[in-house]
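**Student:** This is the structure I want to talk about, given as structure tokens.
Just so it is clear, none of the values below were taken in a lab; they were calculated from the coordinates. Since this is a predicted model, take the numbers as computed values, not measurements. Because the Cβ atoms are built from the backbone with ideal geometry, glycine has one as well, and the counts that use them run over all protein chains shown.
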Amino acid sequence: MGVALWVAVREGQQRDAERRDAEAAQARLVLPHHVQSGSEVILKILNHSESPLLDVELRSVSLVDQRTNQRMIATRVTVHYFGGSSTTLIEFPAPVTLVLLDEVMCIAEGWAPEGTTAVDNAWEPAGGWDEAELDCVFRFTDATGLRWERWNRQLPKRIIEEQPA
């Protein structure tokens with residue numbers, strides 16, 4: 001009896017793990033890509049899946065100076081939508097919402113030291129722009145309606161919003 005119960009529990013855990021893996025299949029195909037062009041910081045969010053994403057929210061963009069560990073937060077991001085070829089300027093922390101078929105390009109600017117809102121237009125990373133590490137957080141809804149969050153290139157995490165009581 002005990003062995004049968006153990007086998008049933010083990011099989012249930014395996015099915016749950018397989019289901020969670022299948023749920024994350026599209027989310028794993030959505031990746032950020034950092035392109036540096038002089039002082040222009042470009043973030044591309046690439047959807048390598050065959051299905052569109054809904055409600056993509058760019059939550060934050062920051063640069064970390066690798067020599068000083070100073071974190072600078074982008075206060076403005078210009079979003080270039082491909083396909084519709086429109087451009088939108090967003091001010092953080094307000095997220096931008098869009099539908100992503102394949103790619104969106106975001107140009108970050110207006111850097112402020114973490115914890116402040118004072119933009120430092122003269123700021124440059126001590127090691128140069130090419131050595132700065134881009135940090136970004138974005139959320140999206142996949143084709144099945146599941147909500148995900150990605151921190152840089154880490155594995156996506158499922159977002160389960162709490163329902164009001």
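**Student:** Give me the orientation-averaged projected area of the Cα convex hull of segment 112-162, in nm², one decimal.
**Tutor:** 5.9
**Student:** Please compute the modelled spin-label separation between T117 and L29, points set 7 Å along Cα→Cβ, answer in nm with one decimal.
**Tutor:** Simple spin-label model gives 4.1 nm for this pair.
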